[in-house]
Each structure stands twice: as structure tokens, then as C-alpha cells.
Amino acid sequence: MANTPADKKASGKETVFSGIKPTARPHLGNYLGMIKQAVALQESYQCIYGVVDLHAITKPQKPEELTQNTRDIVLDLLALGIDPERSILFVQSHVPAHSELAWIFNSITPISWLDRLGPYKEETAVNSQLNQVGILDYPVLMTADILLYKATCVPVGEDQLPHIDVANEIAKRFNHLFGKTFDPIKPLLTEAKRIMSLAEPKKKMSKSGDAGISLGDSADEIRKKIKRAVTDSGSEIRYSPGAKPAVSNLLTIYGELSGKPVADIEKMYAGKGYADFKNDLAQVVADYFADFRARRAELQNDRVYVSGVLADGAARAAAIADKTLKEVKAKMGFLM
Ligand code: ATP
Ligand code: MG
């Protein structure tokens, strides 16, 4: 095959890594912030995508739900266009090197790099029961996820930027202590880097909070949710995140899914009210995911194919990851 990840690497293409947690079905924010770019990047990069179940367990998970959520996200990614012929798609816990490199990186990461992070502070402030070491430590595991593949590009939403900074700090410290091993990592952001909740437009749409529009929603559910979305005071359809956070968020979604510039959409609705705008947006969102829903329904019945994709993905990921882990251990003086 002319287009496998190994060939792309050989041709000098940069490596992309990204992960998504199997804590619930993906939502519109996950799609527009991360998955849509992940699909597009397959054209020209060596892409490696993980369903990061070891991250999911940093918050309590019911065993049967973790299994189901992992299966669901794999189906979602395949149906959205992650192509196992061109990319590596795998489940993180199938490649033990992730846990091992995270442990090694723990030994060079000061706690102060982790406990000052916004997402950690916010989560523990909201829920004092969340005091497991894993909540604090997951940026270290995320660093291992990326550096095991020597990935330099990471498509992510804006909420992940502090974690990419930590990953770069850990990479620098490793290079300093044991010799140049890792290159800097660049986050890749889209225009939709932070899609907000439809109910509380000051909060990000989240699997663990307000899931907003889930990719598991039917066309009818999508329409209902968009019609129920909160709006701002004043009836004007105008992009202004400070003054009109709710409508601006809806305009971003409209623009991303229709391919129209936001300025054109504002003109289309000049003099019209929220009801017209929301009706059309509901249709745009429902239509955009119609093919996805059909493809996913087909894939769901093909368990043999999906298991094959994951076995192949884990083997290909492990081949790269084990090589990096070996290099790291040799540099650190582990007896080989
Ligand atoms: P959780 O609430 O459990 O953390 P999540 O919705 O944040 O779930 P993740 O699996 O943590 O989803 O994130 C997967 C990817 O989606 C990450 O790159 C993340 O930055 C991105 N992402 C998450 N929420 C949004 C959002 N609202 N807008 C844009 N990108 C997002
Ligand atoms: Mg998250």
C-alpha cells in the first residue's frame, strides 16, 4: 500500500496524535473542535487516534458503561470518517506502553506543574470527591500518549491547551536530562475551538456536563434541542461572543456545518428573528449528520470488522510505541 502511516513517516510527513475519552457519545463540540480536523488531517499526515479509556477512568466509570462507551466511540469515529486504511485507530489500554511511559514521566514532573492547571482546579473545586491521583496526573498520561508516537501535531479543543504546554515542558525536561529525544508539540485549533453549552453559553459543551447536541441524537432530538437553546437579549443575529455569547455560539456552529462565512449568515438573517434562524440551523445540523447516522447503523452490525480494526490498530500503534519506550528506557539507563 502506498499510503500507510509507515510510508508517510518514511516520506517525512509529521505525525498527528489525538485522543477522545469514552465517557459518553461525542457531542458537537468534540466533532467541531477535534474529530473534524482529525478526519481532514488524514490526507497528508501520519495520523494516530486513540480512544483513551485510561483517561476515562480518572473519573468513576461503571464497568459495563465503560465497555459500551468504548465500543460506541470507535463506531462513531469510523462512521465520521476516520479511515483505518490511512490512520491508526486503537484503544489506549490495548497498548501498555502508554501506562509505562506515563509512570516514567511522573518521575520527572513536578506536582506544581499539575496542581496549578485550570481544568484540575475547576474540577476539584466543583466536586471535592474527585481527589484521586489520576485527576491530577492525567496530563502526564496525555504527554505519554503524544510522545510515544513522537507526534508533533495534536488536533484539540481550546480546553486542552494547558495540557499541551505541560507536555512540551515534560518533553523539554526529558531532552535536557537524557539527551534530545522529542520535538516540540503544536496544538491544532479550529475556528470552533470551544463550542459552548446550548443551555449555559458561558460553559463549554462537555460529555461530563451539558452534552448539548450528542452525535447519538436523532434528527428530531437535534431539532428539539436547537429550538430549546437559550438566546441572548435583543433579537439581532449578530456574532459578538462578549455581548451575545449564545447567538455567537449558534452562529459558529451554523458556519462550521454549512461552510458559509459567519458574516454571510448574519446578512441572511438581518431583520429576521431567532425563530427563523433556529429553524434553519436545526435543519443544517440534522442534515449534516444524516449520512453519519446511516453509516454508523451499518457498522454497528459488523462486529467482526470493528474488532479487526482495533486488533490491527493496537498492533500498529504498539510497534511504534514500544520502539519509543525502548529508546527512553535505554537513555535512562534501565538494564535492557
Ligand atoms: P469530558 O467532559 O468527559 O472531559 P469532553 O467533552 O471534554 O469530555 P474529551 O474526550 O475530554 O471530551 O475531549 C475530546 C476532544 O474534544 C479534545 O480535543 C477536546 O479539547 C475537544 N473538545 C471537548 N469539548 C469541546 C468543545 N466544547 N468545543 C471544542 N472542542 C472540544
Ligand atoms: Mg474533556
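Applying the set (1) within 15 Å of ligand 2 (Cβ to nearest atom); (2) buried (at least 23 other Cβ atoms within 10 Å of the Cβ); (3) in a loop (DSSP other than H, G, I, E, B) to P139 leaves exactly one unmet item: (3). Inspect region 142-163 for any residue being open to solvent by 10 Å² or more (accessible area, probe 1.4 Å), in a helix (DSSP H, G or I) and more than 14 Å from ligand 1 (Cβ to nearest atom) and give the result as yes or no. There is no residue in region 142-163 that is open to solvent by 10 Å² or more (accessible area, probe 1.4 Å), in a helix (DSSP H, G or I) and more than 14 Å from ligand 1 (Cβ to nearest atom). When A229, A263 are checked against the criterion of being over 23 Å from the mean Cα position of the chain (by Cα), within 23 Å of G157 (Cβ to Cβ), hydrophobic (A, V, I, L, M, F, W, C) and not assigned by TED's automatic domain parsing to the domain that holds R25, a single residue qualifies: A229. Scanning region 193-210 for residues that are assigned to a loop (DSSP other than H, G, I, E, B) and charged (D, E, K, R) yields K193, R194, E200, K202, K203, K207, D210.
Only one residue in I226, I213, I237, I195 is within 16 Å of ligand 2 (Cβ to nearest atom), out of contact with any Pro (no Cβ under 8 Å at 6 or more places or on another chain) and touching a residue at least 12 places away in the same chain (Cβ under 8 Å), so which one is that? On inspection, the qualifying residue turns out to be I195. Residues that are within 16 Å of ligand 1 (Cβ to nearest atom) and closer than 21 Å to G134 by Cα occur at least once in region 97-105.
The values are calculated or read from the model by the stated rules, or taken from the named source; none is laboratory data. Only a predicted model underlies this, so the values are computations on that prediction, with no experimental measurement involved. So basically every Cβ, Gly included, is an ideal-geometry build from the backbone, and we count neighbours across all protein chains shown. Calculation scope for accessible area: heavy atoms of the full protein, side chains included, ligands and nucleic acids excluded. Shrake-Rupley method; radii C 1.70, N 1.55, O 1.52, S 1.80 Å.
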